Amino acid sequence: MREIKVEEVREETVEDLCWLCVPRERREDPAFLKGVEAKIAWVKERLASELPVAKIAYVGKEAAGLLHYQVHPKENVVQILCIFVPERQYWGQGVGTKLLATLVEEMKKPQPWNGGRRPEALLVHTFPGEIEGQLSAREFFLRRGFQQITDDPDLLVLSLVPGYRYPPSFRVETFSPPPPYLPQPEDRGCVLIISGPSFCPWVFSWYLKGEHLLREALPEAPIRWIDGVKDPEELKKRGGFTGIVVNGQALRHSVFEEEEFVKEAQEAWQKGGMR
């Protein structure tokens, strides 16, 4: 195994980071091309804020793994959003371990984003998604010292200071919810699919799934897309919300909850109005 080198993502390596999440056989898929475009915009926004965003592991010149994280200065903790080694050839080679170890060692030191303090803990809310034969995220973190300290089996914590206690008011989620939807009069009488800068390049394919479900459930409803990356003003006037809106109502259910998603959309179409 060649040497594994871990680097913080920078402007020159944004595309390396964003393409890592996309299966090689789907890199010409229009949905993933849009998804990568949305993720590039998301990463660049965060780089512009001068807060850390992600680390990339290189084996030779090839990007082999990533670790996404975000810092919470107020709570003085670091949340791991995702750690991923996509190619089977790099499994079991220490890529994920090196990514995590690099972050842990870095966060044992004072940080500029929290006023020069040492972060108190690393937090992660794991989720299923491992490929057959790949270690689950939960097992990966448990084997590296993280512990379950609440009733939530997916919320794991690695304390960096003695006596750390997880604040009950703080919610750690894998995917942060979008800002609240700000209704617009022209959003009535149609289905609106609003995309924007996104942490995950798969999100555009999920929107396509939503479009397919709604074309079957609401064949009479016109569907309009808003691309918040190319038309940020349309995104801004809706409060920065990304997701699916039916007849002026933002849907709460995801496309993975197909029955609930369709039922909520049909009810919104029948009721109309705004909330």
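General remarks:
- Calculated [θ] (222 nm, deg cm²/dmol) that DSSP helices of n ≥ 4 give over the chain, each run adding -39,500 (n - 2.57): -9000 deg cm²/dmol
- Near the amide H of Ile223, within less than 5 Å, lie the amide hydrogens of Val191, all on another chain or at least 5 residues away, with H placed in the peptide plane.
- Surface share of carbon and sulfur [accessible, 1.4 angstrom probe, percent] for the chain: 52 percent
- Normalised by 2.2 N^0.38 Å, where N counts its residues, the alpha-carbon radius of gyration of the stretch 156-206 equals 1.85.
- Virtual spin-label span in nm between Glu132 and Glu25, 7 Å along Cα→Cβ: 1.2 nm
- Relative packing of peptides 9-18, 90-99 - highest average C-beta neighbours within 10 Å first: 90-99, 9-18
- Extent along principal axes [Cα atoms of the stretch 119-225; Å; largest to smallest]: 58, 36, 24
- Qualifying lysines (Cα of each under 23 Å from Cα of Lys263; at least 8 residues distant if same chain): Lys209, Lys271
- Each of the peptides 24-31, 106-113 was scored by the mean count of other Cβ atoms within 10 Å over its residues; in descending order, highest first, they stand as 106-113, 24-31.
- From the alpha carbon centroid of the stretch 220-235 to that of the stretch 36-80 is 27 Å.
- Intensity falloff of the stretch 32-79 expressed as log10 I(q)/I(0), Debye formula with alpha-carbon point scatterers, at q = 0.16, 0.17, 0.22, 0.30 Å⁻¹: -0.59, -0.66, -0.94, -1.08
- A Stokes-Einstein calculation at 10 °C with viscosity 1.306 mPa s, built on the Kirkwood radius of the chain over Cα pairs, returns a diffusion coefficient of 78 µm²/s.
- Dividing the convex hull volume of the alpha carbon atoms of the stretch 210-275 by its residue count gives 92 Å³ per residue.
- For the stretch 156-275, alpha-carbon Rg and Dmax in angstrom: 17.0, 60
- Listed by chain and number, the aspartates and glutamates placed with their C-alpha closer than 18 angstrom to that of Lys237 are Glu186, Asp187, Asp227; residues fewer than eight positions away on the same chain are left out.
- In terms of overall dimensions, the C-alpha atoms belonging to the stretch 1-104 reach 41, 34, 20 Å along their principal axes, ordered largest to smallest.
- Charge-dipole axis of the chain as Lys and Arg at +1 and Asp and Glu at -1 on Cβ define it, positive-most pick from Ser254, Val161, Leu20: Val161
- This model, with +1 at the C-beta of Lys and Arg and -1 at the C-beta of Asp and Glu, gives the chain a dipole about its Cα centre of some 760 debye.
- Once the chain from Lys108 to Gln266 is taken as fully extended at 0.36 nm per residue, the excess over their C-alpha distance is 51.8 nm.
The values are calculated or read from the model by the stated rules, or taken from the named source; none is laboratory data. What you see is a predicted model, and the numbers here were worked out from it, not measured in a lab. We place every Cβ from the backbone using ideal geometry, glycine too, and count neighbours over all the protein chains shown. To get the accessible areas, we keep the full protein, side chains included, count just its heavy atoms, and leave off ligands, DNA and RNA. Shrake-Rupley method; radii C 1.70, N 1.55, O 1.52, S 1.80 Å.
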